[in-house]
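> I am attaching a structure below and will ask some questions about it afterwards.
The values are calculated or read from the model by the stated rules, or taken from the named source; none is laboratory data. Predicted model, so just to flag it, every value in this text is computed and none were measured. FYI the Cβ positions are ideal-geometry reconstructions off the backbone, even for glycines, and counts take in every protein chain you see. Just the protein is used for accessible areas: all its heavy atoms, side chains included, with ligands, DNA and RNA removed. Shrake-Rupley method; radii C 1.70, N 1.55, O 1.52, S 1.80 Å.
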Amino acid sequence: MLSDQRQAPRRCLRVLWWALALLAIGASAQPVPEHDLKAAFVFNFAVFTEWPSEVLAAGAPMTVCASAANPLMGALGQLNDKLVNGHRIALRSAAAGVRGCHVLVLDRSDRERWAQLKRELAGSHVLTVSDDADISADGAVIGLSVEDKRVGFAVHLGAARSARLNLSSKLLRLARSVQ
């Protein structure tokens with residue numbers, strides 16, 4: 001079991017590389033739906049992020065939040081109960097607020113309330129992942145984007161530091177840009 005936990009990040013990195021490779025070469029009779037691919041990215045972002053131990057204690061569940069209107073919510077549901085570095089993912093709606101979220105997945109439907117969410121998140125340790133260019137440019141830790149039919153991401157290190165999150169160098173190497 002312990003060796004499985006040590007190898008989990010390697011397996012996740014391989015999954016991410018394969019997903020990127022498949023998307024890059026477009027080789028598949030039935031391509032992976034964009035939402036499923038983005039959910040896989042969110043999973044891997046969680047794998048390669050380290051939270052302060054007082055925020056995410058060993059064995060505690062990792063809460064992934066998104067609004068019910070977020071088109072990724074269905075795909076994120078596939079992550080429920082999956083293990084990330086010894087933590088079971090628990091998906092919940094962000095409608096109840098962002099307190100207790102470890103990962104917050106945002107999209108265009110969150111644009112109007114982003115200013116309020118930023119105030120709520122101030123001083124918290126939440127990995128914000130945005131699928132919206134405006135939110136990404138305005139302080140999300142990771143911004144997902146699609147260019148030339150390829151999913152990629154940018155990392156805002158200042159936002160990660162403010163949230164006291166440690167992002168793996170492996171993750172940073174895969175980013176389109178690190179600001």
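> Step by step: first the residues of the stretch 111-125, then only those that are open to solvent by 70 Å² or more (accessible area, probe 1.4 Å) and assigned to a helix (DSSP H, G or I), then the one that is farthest from residue 160 (Cα to Cα). Which residue is that?
Applying the filter and picking the extreme gives 116.
> If you take the residues in the stretch 127-141 that are part of a loop (DSSP other than H, G, I, E, B) and surrounded by fewer than 24 Cβ atoms within 10 Å (Cβ to Cβ), which one is farthest from the chain's Cα centre (by Cα)?
138
> Also, I was wondering about something else. Whether any residue in the stretch 87-110 is surrounded by fewer than 13 Cβ atoms within 10 Å (Cβ to Cβ) and at pLDDT 90 or above is what I want to check.
Scanning the stretch 87-110, I find no residue that is surrounded by fewer than 13 Cβ atoms within 10 Å (Cβ to Cβ) and at pLDDT 90 or above, so the answer is no.
Condition check ((1) under 19 Å from residue 141 (Cα atoms); (2) in contact (Cβ under 8 Å) with a residue 12 or more places away in the chain) across all residues:
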site: 51; (1), (2): yes, yes
site: 56; (1), (2): yes, yes
site: 60; (1), (2): no, yes
site: 67; (1), (2): yes, yes
site: 77; (1), (2): no, yes
site: 80; (1), (2): no, no
site: 93; (1), (2): no, yes
site: 100; (1), (2): yes, yes
site: 107; (1), (2): yes, yes
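> Sticking with this structure for a sec: So, in the stretch 157-178, of the ones that are part of a loop (DSSP other than H, G, I, E, B) and open to solvent by 60 Å² or more (accessible area, probe 1.4 Å), which residue ends up nearest to residue 52 (Cα to Cα)? Step through it out loud before you land on a result.
Step one: filter the stretch 157-178 for residues part of a loop (DSSP other than H, G, I, E, B), giving 163-165, 168, 175-176.
Checking the rest, the ones that are also open to solvent by 60 Å² or more (accessible area, probe 1.4 Å) come to 164, 176.
On the way: 164: 7, 176: 26 Å.
Out of the qualifying residues, it is 164.
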